[in-house]
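*Asks:* To start, I am sharing the structure in question, which I have written as C-alpha cells.
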C-alpha cells in the first residue's frame, strides 16, 4: 500500500464518533491521520495538491457515492487452524474476511488441538502475524477439550492473548462450571460466549422441529432446546454479575428472554447471523446440507422476531458464524453432514437487505458490525478516530452481484445462498498496511 492515502468525497459513517456524512479521510503509515467532514474544512483542491507535493506516493481514492466505514469486526469466526486445514486456514480465512469487508475476526477454539491452553493461543497469533490478511483475536475454550467437565486455564490463555472464552459448538451443560466461568469473566473483564443448546432436548436433532422436519423425516431440534439454556445462562449472569454473551440467537423465545433480561439490567449481550434473518427451515427442503447449521434455521415467525430484536437493540451484533467445510463433507447424507455456513464473504451484502426492508438504518447496521462487537470484545477497533489503525472498508450499496461460491477466497464453498442476486458489496478494504480491491 502507498505510504499515504486520501479517501475523498465518501459518505463516512462511524458510530464511535457519531459521524454520518460526506467527507475525506487521510491515512498515513497505516494510521488514520485525520477525518474531515463536508462543511467543516473538507479539503480544497489546493490542499489536495499540497498533499501530492509533500507525498510523492500519495494515492487518491474518489469515494463519491460510496460509504466509507470502519473495518468490520466479526466476533464469531471459525478459522479451523490448527488441525482442520482442509476446511480452512488462517491465511485463506483472513483473505475471505478482507474480501467481505472484515478487518478483525475473533476465532472460536474448536480446533485440533482445542485452543484450551496458551500454547495453541500463541500458535494462532504467530500464524496470524506471518500469514493473516487481517487481525485475528483468539477465543479460548471455557473447558478443557471443550468437554464441559473442567475449566480450562483461563488465566494463562488470557495472558497469552485470548479476548473471550467459549465452548462454541458444544454447550456447557454443567451449570456449576458455567457459573464459575462467569465469575472468572469479572476477573479478566472478558465475555463468556454461550452456545445455548440443551443436548437432552435437542437429542441429536439435525433441523428445526416443525412441519418441514416431519415431511422430510429428519430428527428434530425444538426451539426450546435453545431457549432453556438462554434462560439458564441469564439466571447465572444475574447471580454472578458476570459478562454473558449469547451466540447465534435463532428463536423468537430467545429474543424475548434477552429483551426481558436487558430490561431488568442483567449484564447480557447477544448476536445473530445473516442466515437467521435471511432464510427459514424451508431452505432445508430437498435435503440441502448447505442449509444445515446449528442452531438450525427456524420459521418465518422466528425470522421476524430476529429482525425485531435487531431493530429495537435487543440483539447487539451481527456476526457471521463463518463455518467452512470441505465440499465432500457436505455431500454426505443430511444426518451425517456437518453443520455450518461459509459466511464471511456474504455477511455484509445479506445484512444490507435489512436496510431495504426498513429493519435498520445504515448507521445502525454499521454499529452492529463494527463498534458493538469491538466494545463487547474489548478491542480497539471499529473506529475511524485519528490515531487509530487504518482499518477501512469502502462499500458500494448500489452494486449488484450474484453469489458464486466458486469465487470465494475461503476454502469453504458451503453456502445456501448460491445464485442469490444481491445489492451492495464491499469494493475496497484497507487493513494491516495493505489495500484489497
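The numbers here are math on the coordinates, done by the rules we state, and not lab data. All values derive from a computational prediction rather than experimental measurement. Quick reminder, even Gly has a Cβ in these numbers, built from the backbone with ideal geometry, and neighbours come from all protein chains shown.
*Asks:* What's the angle, to the nearest 10 degrees (0 to 90), between helix 90-99's Cα axis and the longest principal axis of the chain?
*Replies:* Tilt relative to the chain: about 60 degrees.
*Asks:* Still on this structure, please answer the following. If you line up the Cα atoms of the stretch 264-421 on their principal axes, what length do they span on each, largest first, in Å?
*Replies:* Principal extents (Cα only, largest first): 50, 38, 30 Å.
*Asks:* Taking the beta-carbon count within 10 Å as an exposure proxy, list 365, 331 from fewest neighbours to most. Could you put the intermediate results ahead of the total?
*Replies:* On the way: 365 21, 331 10.
Sorted ascending by nearby Cβ count, the order is 331, 365.
*Asks:* Right, something else. Most fluctuating residue of 13, 142, 61 in a GNM of the chain with Cα springs under 10 Å: which is it?
*Replies:* Largest GNM mean-square fluctuation: 61.
*Asks:* Once a ≥ b ≥ c are taken as the square roots of the eigenvalues of the Cα gyration tensor of the stretch 174-308, is the result rounded (a/c under 1.5), prolate (a/b larger than b/c) or oblate (a/b not larger than b/c)? Before the final figure, lay out the partial values.
*Replies:* Working: a/c = 2.46, a/b = 1.90, b/c = 1.30.
Since a/c reaches 1.5 and a/b is larger than b/c, the shape of the stretch 174-308 is classed as prolate.
*Asks:* Here is a further query. Can you compute the modelled spin-label distance between residue 34 and residue 126, with each label point 7 Å from Cα toward Cβ, in nm?
*Replies:* 4.3 nm
*Asks:* For the chain, modelled as a GNM with alpha-carbon contacts under 10 angstrom, which of 358, 340, 86 fluctuates the most?
*Replies:* 358
*Asks:* Let me ask something else. State, to one decimal in nm, how far the label point of residue 64 lies from the label point of residue 288, with both points 7 Å from Cα in the Cβ direction.
*Replies:* With each label placed 7 Å out from Cα toward Cβ, I get 4.1 nm.
*Asks:* Using a Gaussian network model of the chain with C-alpha springs under 10 Å, which one of 99, 381, 256 is most mobile by mean-square fluctuation?
*Replies:* Maximum among the listed residues: 256.
*Asks:* May I pose another question? Stretched out fully, how many nm does the piece from residue 328 to residue 407 gain, at 0.36 nm a residue minus the Cα gap?
*Replies:* Going from the current span to full extension adds 26.7 nm.
*Asks:* Taking neighbour counts of Cβ atoms within 10 Å as a proxy for exposure, in what order, fewest first, do 129, 158, 276, 287 appear?
*Replies:* So the ranking, lowest neighbour count to highest, is 129, 287, 158, 276.
*Asks:* Can you sort 26, 69, 348 so the residue with the fewest Cβ neighbours within 10 Å comes first? Working shown, then result.
*Replies:* Working: 26 21, 69 28, 348 24.
Fewest to most other Cβ atoms nearby, the residues stand as 26, 348, 69.
*Asks:* May I pose another question? For residue 153, project a label point 7 Å along Cα to C-beta. Then give me every residue of the stretch 69-93 with its amide nitrogen under 19 Å of that point.
*Replies:* Taking a point 7 Å out along Cα→Cβ of residue 153, the residues of the stretch 69-93 whose backbone N falls under 19 Å are 82.
*Asks:* A further question on this structure: What label, among (i) 76, 51, 42; (ii) 69, 46, 44; (iii) 70, 60, 38, belongs to Cα extents along the principal axes in Å computed from the structure on display?
*Replies:* (ii)
*Asks:* Moving to a separate point now. Would you mind checking the tilt of helix 223-240 against the longest principal axis of the Cα atoms of the chain, expressed as 0 to 90 degrees and rounded to 10?
*Replies:* Between the helix axis and the principal axis of the chain, the angle is about 70 degrees.
*Asks:* Hey, what angle do you get for helix 118-131 against the long axis of the chain, alpha-carbon based, 0 to 90 degrees rounded to 10?
*Replies:* 40 degrees
*Asks:* Compute the Rg/Rh shape ratio of the stretch 319-361: radius of gyration over Kirkwood radius, all on alpha-carbon atoms.
*Replies:* Answer for the stretch 319-361: 1.16.
*Asks:* Also, I was wondering about something else. Just to verify a number: FRET efficiency for residue 199 and residue 386, C-beta to C-beta distance, R0 = 51 Å, to 0.05?
*Replies:* 0.55
*Asks:* Next question. Would you work out the relative contact order for the chain, in percent, from Cα pairs under 8 angstrom that are 6 or more residues apart?
*Replies:* Dividing the mean separation by the residue count of the chain yields 19 percent.
*Asks:* Give, in nm to one decimal, the length gained when the segment between residue 266 and residue 418 is fully stretched (0.36 nm per residue of separation minus the Cα-Cα distance).
*Replies:* Here the answer is 50.7 nm.
*Asks:* While we're on this one: Based on DSSP H runs of at least 4 residues, each adding -39500 (n - 2.57), what is the mean residue ellipticity at 222 nm of the chain after dividing by all its residues, to the nearest 500 deg cm²/dmol? Don't skip to the answer; put the middle values down first.
*Replies:* Details: 15 runs with 141 residues, N = 437.
The per-residue figure over the chain is -9500 deg cm²/dmol.
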